[in-house]
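Structure, as structure tokens:
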Amino acid sequence: MFKKWRASSQALNITLTVTATQSIYESFAADSVIGGLRYGHTTAGHALGCAAALATLDVIEREHLVERAAELGRLLLRRMACLMGSADIVDVRGLGLVGVVEMSSVESAARLREQARHHGLLVKQQSEAVVVVPPLIVDEAGIEDIARRLLASTWS
């Protein structure tokens with residue numbers, strides 16, 4: 001098992017699980033210098049990683065980014081709702097700051113993705129879905145701009 005947690009682009013923790021036979025374990029345990037299989041990693045609980053994680057959490061709390069994501073996500077969804085009824089659009093939905101436009105086919109989703117790119121909007125295509133995920137620091141003007149570009153992409 002290998003997992004890695006990241007906060008503010010600094011590794012916060014790495015856990016590595018190793019399975020060994022009893023004889024291998026005993027050979028490490030018998031070594032007077034090593035003294036057995038020890039747990040510890042360069043970045044586990046590293047002060048810089050922990051400080052970065054705590055600073056990130058402070059910003060999220062201080063600037064109420066979770067609450068703002070919910071509020072601005074509702075605005076994004078209201079603006080995206082006008083896409084319903086457009087050719088090839090099956091559904092428009094979202095949760096928080098994640099907006100999804102479900103298309104009738106993979107090909108129509110690819111066309112919308114390319115048109116969005118042409119209009120300066122980077123979106124992700126996942127099969128028939130086109131996903132819009134603005135950053136947590138987006139403001140109302142940014143949401144309006146995203147909606148405008150997405151709407152223009154459906155008319156192209």
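Could you check the stretch 94-153 and list, in sequence order, the residues that are among the small types (Gly, Ala, Ser), part of a helix (DSSP H, G or I) and surrounded by 13 or more Cβ atoms within 10 Å (Cβ to Cβ)? Even if it seems obvious, please write down each step before you answer.
Just the residues of the stretch 94-153 that are among the small types (Gly, Ala, Ser), to begin with: 94, 96, 99, 104-105, 108-110, 116, 120, 127, 129, 141-142, 147, 152-153.
Applying the additional criterion that residues be part of a helix (DSSP H, G or I) yields 108-110, 116, 141-142, 147, 152-153.
Correct list: Ser108, Ala109, Ala110, Ala116, Gly142, Ala147, Ala152, Ser153.
Might you let me know whether the stretch 117-131 holds any residue that is more than 16 Å from Ala147 (Cβ to Cβ) and more than 21 Å from the chain's Cα centre (by Cα)?
yes
Can you run down the residue pairs with Cβ atoms below 9 Å, 6 or more apart or on separate chains, where the first is in the stretch 116-139 and in contact (Cβ under 8 Å) with a residue 12 or more places away in the chain and more than 14 Å from Met80 (Cα to Cα) and the partner is among the charged types (D, E, K, R) and in a loop (DSSP other than H, G, I, E, B)?
Short answer, once both residue conditions are applied: Leu136/Glu63; Ile137/Glu63.
Kindly list the number of the only condition in (1) under 21 Å from Lys124 (Cβ atoms); (2) at pLDDT 90 or above; (3) not small (Gly, Ala, Ser) that fails for Arg68.
Answer for Arg68: the failing condition is (1).
Regarding the stretch 76-84, can at least one residue be identified that is exposed (fewer than 13 other Cβ atoms within 10 Å of the Cβ), under 17 Å from Ala147 (Cα atoms) and either modelled with pLDDT under 95 or among the acidic types (Asp, Glu) (or both)?
Yes: the stretch 76-84 contains one or more residues that are exposed (fewer than 13 other Cβ atoms within 10 Å of the Cβ), under 17 Å from Ala147 (Cα atoms) and either modelled with pLDDT under 95 or among the acidic types (Asp, Glu) (or both).
The values are calculated or read from the model by the stated rules, or taken from the named source; none is laboratory data. In this text the structure is predicted, and so the values were computed from the model without any measurement. Cβ: placed from backbone, ideal geometry, glycine included. Neighbour counts: every protein chain shown.
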